[in-house]
Each structure stands twice: as structure tokens, then as C-alpha cells.
Amino acid sequence: MGNKYVTFGEIMLRLKSPGHERFFQSPALEATFGGGEANVAVSLSLLGKDSRFVTALPANAIGEAAAREVRKYGVDTSAIKMTKGGRVGIYFLETGANQRPSSVVYDRAESSIALSKPSDFDFKAILADAEWFHITGITPAISQNAADSSLAAMQAAKKAGATVSIDLNYRKKLWNYGKKAPEVMRELVKFADVIIANEEDIQKCLGIEAKVDVTSGELDTDVYKELTEEVKHQFPNVSVVAVTLRESKSADHNGWSAALSGKSGFYLSKHYEITDIIDRVGGGDSFSAGLIFALSEYGDDEQYAINFAAAASALKHSIEGDFNLSTKAEVEALFKGDGSGRVQR
């Protein structure tokens, strides 16, 4: 077993309308890059882990820019496959405000990773030095090829002795190549040690029902205790289930906390009122990275782990772009009591 923290998935060109404008209200879109597993790799690198991001990108200026963007944060990009065919997937983002929700439009058909087969990646070699492997449910939703590659990567990670985590991340706009999410996801989860999700993900990806209304803004933690126990009952290979608890009051105001059913018990994180959201995209990925970091550093202290993950994600809501550009010291300062936002001099 090695010390690399490896993620596999798609990085996209992110085109966002300025500020809180509607699409093309002004003739401009802000261009950055992002995507679930890339976001986690960047965040882990900034937290001090040796991270590697694996994907397929076209061998052109846009593909190279995407790889360069991740590399600039210290992420190992040596296993990225540059392809002759395919393209960089795109997602368009319009940031909501008050009662108008944010909106995402995907344009990612025929992307390089959607076309890549498992045989295009030497997962045995890529994961030989992996301590941890992370993937999201977005990748197997892209195409049958991407689903096959996801399964091959998870199997290789298990064989290499790595801890395997999956953020279920249900995206209904993506599951359209003929398979329903539970058909694919229940097979993948058999190779996971850690599941990260919200209550909708668990219902839509695993077909496990929860007595919960995600739109009500109210949360009943007992429901999550039952839900996480049922996940572990159906998948005995899973030792940790972490659930993010978002109370959506408006597009700018969310309550934010998390629960963890771990090896030693059931834990709730500190609760945050996030009243002026700058950018919530990537909030779940920053949570995943925080959890992976804390479990790997302080595995026995599951209360610490869930507090660290929730605080990391709360901070991400204050940062423009997909990546959580927060340090370990900043995350710890928040959950140990300093959420004042006062200038640090």
C-alpha cells in the first residue's frame, strides 16, 4: 500500500454567468474548470495529501488547460490520458438568488472520458501506490464505458489494499444511456468502504427509502440514523456512511451539517447557518475531501472527522469556483470556534 490519494472522473469546462445574472443577460461567461473528483483531488492536495487525478482529456489546447489547472494546485496528473478523439465536457452554471434556484446545463456527450474504455487505463499500475481511492456517482452516469471504467478502478483499488470511498452524487440529467442508477450503483457500492451521500442520493442511487422531505427545510436526525444503518445492513462491506444535511431556506441561505454512522457509533457535526452563499457548487466535494483527510489522519476519532468535513464544506460556500481553496488550519479554526469572519492579523 502506498501514500497516494487517487480520484477518477471527469473534469469539465465550467462556464458561469457573471455574479447572479441570468444566462447571457450580459454577453459574457466566466470560464474555469471543475468536476467532482477533480475538486476532491485539489482539496486533498491543499490539505497536504499526495493526490493524483485520473481522467481522459483531448490532446488539444482546452484539454491541456484543464490538466494544467489541476496540476497548479500540486495534484499529480501523470495518469491523465490525452486522447485523439473526444472533447472536454462543459457545464453551464447560473447562480440563483433568494427564491430563484441555481441552474446547471450539461453539454458533455461524447467527451473523452465518456468514450474511454477500462482498457485505456492501466488501473493496476495507477493504483499500485494508492492509500485511498475516491470516485463519485457522476462518473458512472456519463456513459456505459465510464461505468465500466468506474467499476474496474474500484476493483483495482480494492486489490491494491486502498480504502475506497464513493460519493453517490445522483444527477438525474445524466442517467440517460439506458441503465437506471441503482442497477449500476448497487454493484459499485459492493467495492466501497466509505459512502458519502445526501438522503436523495441514497434513495435514487441505492433504492433505499428514507422518510424525509428534502424540500421542507426541516431535518429529523433519527431518520438518518435509521437510513445509514439500513445502508450498512444491505452493504456489510461499508464501514462508514456520511450524510450531508442541507436545509435549503433559499438559494443564498442554507443550514449545513452532517451525520456519520461509523465504526464506533453515530455522530452529528456542528451546525452552520450559511447566510450569504458565494458558490455552493463543489460543496459536496469539499465535504468528501475533508472527510477523507480526517479519516485518514484521525481514523479513530469519528466525531473529529465529521466536524472537519462539515467545516471544510461550510468554508467552500464562501469561495468562488469549483475548488475549495481552504487549508487545514482554516478548517480547524472554524469548527473549533472561530466562525466570526473577523480579519486575521
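Can you say whether F133 is buried (at least 19 other Cβ atoms within 10 Å of the Cβ), under 20 Å from the mean Cα position of the chain (by Cα) and touching a residue at least 40 places away in the same chain (Cβ under 8 Å), as far as the supplied structure shows?
yes
Could you list all residues from region 66-82 that are open to solvent by 20 Å² or more (accessible area, probe 1.4 Å) and either touching a Pro at 6+ places or on another chain (Cβ under 8 Å) or not in a loop (DSSP other than H, G, I, E, B) (or both)?
R68, E69, R71, D76, K81, M82
Tally time: how many residues in region 300-319 are open to solvent by less than 10 Å² (accessible area, probe 1.4 Å) and under 22 Å from E226 (Cα atoms)?
5
Go over the candidates G85, G96 one by one and state the one that is more than 19 Å from the chain's Cα centre (by Cα), open to solvent by less than 10 Å² (accessible area, probe 1.4 Å) and at pLDDT below 95.
G96
Given (1) assigned to a helix (DSSP H, G or I); (2) in contact with a Ser or Thr (Cβ under 8 Å, 6 or more places away or on another chain); (3) aliphatic (A, V, I, L, M), identify the lone condition not met by V6.
(1)
May I ask you to list the residues in region 29-64 that are over 14 Å from the mean Cα position of the chain (by Cα), under 24 Å from A311 (Cβ atoms) and in a loop (DSSP other than H, G, I, E, B)?
Correct list: L47, G48, K49.
Residues in region 280-299: is at least one free of Cβ contacts under 8 Å to residues at least 60 places away in the same chain, in contact with a helix residue (DSSP H, G or I) (Cβ under 9 Å, 6 or more places away or on another chain), over 20 Å from S103 (Cα atoms) and open to solvent by less than 10 Å² (accessible area, probe 1.4 Å)?
Yes, because at least one residue in region 280-299 is free of Cβ contacts under 8 Å to residues at least 60 places away in the same chain, in contact with a helix residue (DSSP H, G or I) (Cβ under 9 Å, 6 or more places away or on another chain), over 20 Å from S103 (Cα atoms) and open to solvent by less than 10 Å² (accessible area, probe 1.4 Å).
For S26, indicate whether it is under 28 Å from A314 (Cβ atoms), of a type in the set (S, T, N, Q) and either free of Cβ contacts under 8 Å to residues at least 40 places away in the same chain or in a strand (DSSP E or B) (or both).
Criteria not met by S26.
So which residues in region 86-113 are more than 23 Å from A59 (Cβ to Cβ) and assigned to a loop (DSSP other than H, G, I, E, B)?
Once the filter is applied, which keeps residues that are more than 23 Å from A59 (Cβ to Cβ) and assigned to a loop (DSSP other than H, G, I, E, B), region 86-113 yields T95, G96, N98, Q99, P101, S102.
The values are calculated or read from the model by the stated rules, or taken from the named source; none is laboratory data. Bear in mind that the values here come from a model prediction, so they are computed numbers and not experimental data. Reconstructed Cβ throughout: ideal geometry from the backbone, glycine too, with neighbour counts over all protein chains shown. Note: areas computed on protein heavy atoms with side chains; ligands, DNA, RNA excluded. Shrake-Rupley method; radii C 1.70, N 1.55, O 1.52, S 1.80 Å.
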